Amino acid sequence: MGSCLFCKIAAKEISSQLVFEDERTLVFKDVNPKAPTHVLVVPKKHIARLSDSMDEDKDLLGHLQRVAAQVAASLGLDSFRLVTNNGRGAGQTVDHLHYHLMGGRTMEWPPG
Ligand code: 5GP
Ligand code: ZN
């Protein structure tokens, strides 16, 4: 996916503030944080959004949640929110699957 922003970050063509990396996953700081801790949990595989994932991605999707939990713990977060925006109407602006991991403040519910 030549023009995809998060593919370029995963390929290190665009720099980011990396928090965690393994063979399938990247976690980096959101450039426009909405909470004291706001990182993005991103698969290196290009999947445009959660609804484009396939059964073959089940293990990867589970892995992303484990990585999120482990990164949250490593950042000292007991309470946190993990959310993905699926589609423009939900607020998705980057068409590469990512989970927002946010913490460090009290979260409101429901989100707007
Ligand atoms: P979305 O709106 O698609 O759910 O989330 C995209 C997120 O990516 C936003 O929170 C936005 O601040 C973040 N973002 C956009 N461009 C960049 C970038 O170049 N670097 C980083 N680190 N974050 C970005
Ligand atoms: Zn991509």
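Taking the listed residues Val71, Val94, Val27, the one that is surrounded by 14 or more Cβ atoms within 10 Å (Cβ to Cβ) and in a strand (DSSP E or B) is Val27, with no other qualifying. Pairs meeting the criteria (first residue in segment 6-32 and closer than 14 Å to Leu101 by Cβ, second residue within 13 Å of ligand 2 (Cβ to nearest atom) and assigned to a loop (DSSP other than H, G, I, E, B), beta carbons under 8 Å, at least 6 apart or on different chains) are Thr25/Lys44; Leu26/Lys44. For segment 47-62, a residue qualifies if it is buried (at least 16 other Cβ atoms within 10 Å of the Cβ), over 29 Å from Gly104 (Cα atoms) and in contact (Cβ under 8 Å) with a residue 40 or more places away in the chain, and exactly one does: Ser53. Looking at segment 3-24, which of the residues that are basic (Lys, Arg) and part of a loop (DSSP other than H, G, I, E, B) is nearest to the chain's Cα centre (by Cα)? The selected residue is Arg24.
If I filter segment 97-105 for residues that are more than 10 Å from ligand 1 (Cβ to nearest atom), out of contact with any Gly (no Cβ under 8 Å at 6 or more places or on another chain) and assigned to a helix (DSSP H, G or I), do I get at least one hit? No: segment 97-105 contains no residue that is more than 10 Å from ligand 1 (Cβ to nearest atom), out of contact with any Gly (no Cβ under 8 Å at 6 or more places or on another chain) and assigned to a helix (DSSP H, G or I). All conditions but one from (1) exposed (fewer than 11 other Cβ atoms within 10 Å of the Cβ); (2) modelled with pLDDT of 95 or more; (3) part of a loop (DSSP other than H, G, I, E, B) apply to Ala35; the one that does not is (1). Conditions first: (1) in contact with a strand residue (DSSP E or B) (Cβ under 8 Å, 6 or more places away or on another chain); (2) away from ligand 2 (no atom under 16 Å from the Cβ). Arg24 passes all but one, so which condition is the exception? So Arg24 meets the others, but not (2).
Contact map, segment 69-98: first residue closer than 16 Å to Lys29 by Cα, second residue modelled with pLDDT under 95 and within 12 Å of ligand 1 (Cβ to nearest atom), Cβ cut-off under 9 Å, separation 6 or more or different chains; pairs are Arg81/Pro111; Val83/Pro111. Here segment 48-72 is the region considered, the condition is being over 12 Å from the mean Cα position of the chain (by Cα) and closer than 17 Å to Leu5 by Cβ, and the residue that is nearest to ligand 2 (Cβ to nearest atom) is Ala48.
Report whether or not Lys44 is under 11 Å from the mean Cα position of the chain (by Cα) and over 14 Å from His100 (Cα atoms). Against the criterion (under 11 Å from the mean Cα position of the chain (by Cα) and over 14 Å from His100 (Cα atoms)), Lys44 qualifies.
Total residues in segment 74-91 satisfying the condition of being out of contact with any strand residue (DSSP E or B) (no Cβ under 7 Å at 6 or more places or on another chain), in a loop (DSSP other than H, G, I, E, B) and small (Gly, Ala, Ser): the figure is 3.
The values are calculated or read from the model by the stated rules, or taken from the named source; none is laboratory data. Since the model is a prediction, treat every value here as computed from it, not as a measurement. Counting neighbours? That spans all protein chains shown, and the Cβs are built from the backbone with ideal geometry, glycine included.
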